[in-house]
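The values are calculated or read from the model by the stated rules, or taken from the named source; none is laboratory data. Source: prediction; values computed, not measured. Neighbour counts run over all protein chains shown; Cβ positions are idealised from the backbone, glycine included.
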Amino acid sequence: MNDHVYDLLGVGIGPFDLSLAALIEDRTEIDALFFDQKPQFDWHPGMLIVGTRLQVPFMADLVTLADPTSRYSFLNYLSKENRLYPFYFLQRLDIPRREYNDYCQWVANELESCRFGKRVVELEFNEAEELYFVTVFDVHTEETLIYKSKNLVLGTGGVPAIPKTFRGFPGEDVFHTAEYLSRQDRCREANSITVIGSGQSAAEVFRELLKDHMEHEYRLNWITRSQSFLTMEESKLSVEQFSPDYVNYFYDFPQEKKDEIFGTQDLLYKGISSHTVTDIYNLLYENTVSRRKMKVGLQAMTEVKDIQEKDGKYELQCHQWQQGKDFKLESEVVIIGTGYRPNVPDFINGLKPYISWDDQGRYKVEADYRLRVNIPNQIYVHSGISHSHGVGSTNLGLAVHRNKVIINHLTGKEVFPMYEKHVFQNFDVDKLEKK
C-alpha cells in the first residue's frame, strides 16, 4: 500500500478530468493523481473520422475559459507544433476532431499527474482513517497498489447505449457507431448497410458511407424513428443555454421539473450539425449527376422493432409509426447510432452505502458537482449529471467552468474568479432589469 495521502485522486482521464489535471498541475496546494486504463489518452477513437469537426469553438479547450495564459492552451499546442500560421489561414473557430484528440494527447503527455495503463478496480472508504482507498491494477506490470486520498473525482464518461434488440449478434456485422473506424473495411465489403439513428454520430457515419458508395455500390439505408433528420439548434441565443447561467438556473428546479425540461431539449444536443446535413445533401445531389440511380434510402418516422439473422444477413422488422405500416428490410451490416448512457462502473459498489441516490437510481448531486454523501470526504463527479445540471453537462464548453467550481471548493478559496453573468439573456425572471 502507498501510504502517501493525496488531496485528490481522479478515476478516468477523459477531457473533463484532463482539464482538471491541467488546471491544477501548477497548484502546489493540491496533490493529485489521475488514473485511466487506456495506454494513452484517446477520445472516441472509433469516430475520429477525417473531416469531422468539434461541435464547439477551439476556445473550449482544456484551460482557456479559466486561464487564457495557461501553457496547456490549444493555441500554445499549435505554437509548439508549428501550426499557428496554418490555423490562422484556416479562418475557422471549429477544429478537426482528430486535432482535438491530438491536442489532448499532447497535454496528457505534459502532465505528471496523469497515469495511463492503470485500471481502477475498487473504491472504498476507510472509516478509521477517514480516507478513500483506491485499488489500482497496472496493466503492464500486473502489479496492484492501493492509494489513499482525502477526496475523489469521477470522470468515467459514458458507454455506448445499445438497445436489447441489437445485442448478441456478431460484432463485425452489428455494431455501435463508436466502433465505426475499426469496422470500416467490413462495410466496404458489404452488399448492404443500414444506419439506425439520427444524431450527429449516425449522420457522420452515413456521410462516410455515402462518400464510398459510388466505388463500392452497396445498398445504403438510413433509418430514424424521429419525425425527421433534424438539424441541431445552433443559433447564438439558443446556445447560450450551454452557459454557467443556465446551469445555475436549471439546478434550482425540483427534480420532476428538471426531467420535464430536459425532455424538451433534444435539438440542443441530439440533432445534426448544419454543416453535416449540408455535406450529406451535397453528396446525394452529386451522386445523381447524369441521372445515376443511387441505391440509397433515407427513412424517418420509423422504428426498428426487431432484428433476426437470416441466411447470413439481418432482417429488420420496421414500423413507420405515422402511417402505422410494418415492413421488413434486409441488411448485411447494421450500424447503431443510439448514443451513450452514463457509466456507473462496478468499482463504485464499495461506496454505494455512502452515496445518496434518487428513485431512478441516479446520483444526487450538489450544485458544486459533489455527490451527496454521508461522510465528510468529497466525491466530485463529471459524468451522469445531466438530470441534475442540465443539457450542458456533457458539453466541452462547460468543462472548464465545472473545474473552476471544483478547484475553488477543494481549496476553500477563490482560485478562479466566479462571475454572476456570462450571457446576454436572462433565464431567471427575478434577475431581469424591470425598470
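Going by what's in this entry, would T302 be described as buried (at least 17 other Cβ atoms within 10 Å of the Cβ), among the hydroxyl-bearing types (S, T, Y) and touching a Gly at 6+ places or on another chain (Cβ under 8 Å)? Judged against the criteria, T302 is not a match. Condition (residue is under 19 Å from Q40 (Cβ atoms), hydroxyl-bearing (S, T, Y), touching a residue at least 12 places away in the same chain (Cβ under 8 Å) and assigned by TED's automatic domain parsing to the domain that holds P57) applied to segment 125-132: is it met by at least one residue? No, segment 125-132 contains no residue that is under 19 Å from Q40 (Cβ atoms), hydroxyl-bearing (S, T, Y), touching a residue at least 12 places away in the same chain (Cβ under 8 Å) and assigned by TED's automatic domain parsing to the domain that holds P57. Sub-7 Å Cβ pairs linking a first residue in segment 75-86 that is more than 19 Å from L65 (Cβ to Cβ) to a second residue that is in a helix (DSSP H, G or I), at least 6 apart or interchain, are L84/L78, ordered by first then second residue.
Scanning segment 30-53 for residues that are buried (at least 17 other Cβ atoms within 10 Å of the Cβ) and not in a loop (DSSP other than H, G, I, E, B) yields A32, L33, F34, F35, D36, G46, M47, R53. Picking from residues in segment 240-258 that are without any contact (Cβ under 8 Å) to a residue 12 or more places away in the chain and assigned to a helix (DSSP H, G or I), the one that is farthest from E420 (Cα to Cα) is E256. Against the test of being in contact (Cβ under 8 Å) with a residue 40 or more places away in the chain and in a helix (DSSP H, G or I), the options V334, V277, V344, V304 yield a single qualifying residue, V277.
Would a scan of segment 18-37 turn up a residue that is aromatic (F, W, Y) and closer than 29 Å to L268 by Cβ? No, because not a single residue in segment 18-37 is aromatic (F, W, Y) and closer than 29 Å to L268 by Cβ. Within segment 371-399, the set of residues being part of a strand (DSSP E or B) and either surrounded by fewer than 20 Cβ atoms within 10 Å (Cβ to Cβ) or at pLDDT below 95 (or both) comprises just one member, V373.
Checking A190, A178 one by one, the residue that is more than 23 Å from K328 (Cα to Cα), modelled with pLDDT of 95 or more and touching a strand residue (DSSP E or B) at 6+ places or on another chain (Cβ under 9 Å) is A178 and no other.
Among the residues of segment 293-331, those identified as touching a Leu at 6+ places or on another chain (Cβ under 8 Å) and among the hydrophobic types (A, V, I, L, M, F, W, C) are M294, V296, V304, I307, L316, C318, L329.
Here L237 passes the criteria (1) modelled with pLDDT under 95; (2) closer than 22 Å to R207 by Cα; (3) of a type in the set (A, V, I, L, M) except the one numbered (2).
Of all residues being surrounded by 15 or more Cβ atoms within 10 Å (Cβ to Cβ) and modelled with pLDDT of 95 or more in segment 352-363, which is farthest from the chain's Cα centre (by Cα)? Just the residue, please.
Among residues in segment 352-363 that are surrounded by 15 or more Cβ atoms within 10 Å (Cβ to Cβ) and modelled with pLDDT of 95 or more, the one farthest from the chain's Cα centre (by Cα) is Y354.
Considering the conditions (1) in contact with a strand residue (DSSP E or B) (Cβ under 6 Å, 6 or more places away or on another chain); (2) buried (at least 16 other Cβ atoms within 10 Å of the Cβ), V56 is excluded by exactly one of them, (1).
Annotation note: Cβ proximity below 7 Å between a residue of segment 31-59 that is farther than 18 Å from L181 by Cα and a residue that is of a type in the set (K, R) (sequence gap 6+ or interchain) occurs for L33/R115; F34/R115; F35/R115; F35/K118; D36/K118; Q37/K118; Q37/R119.
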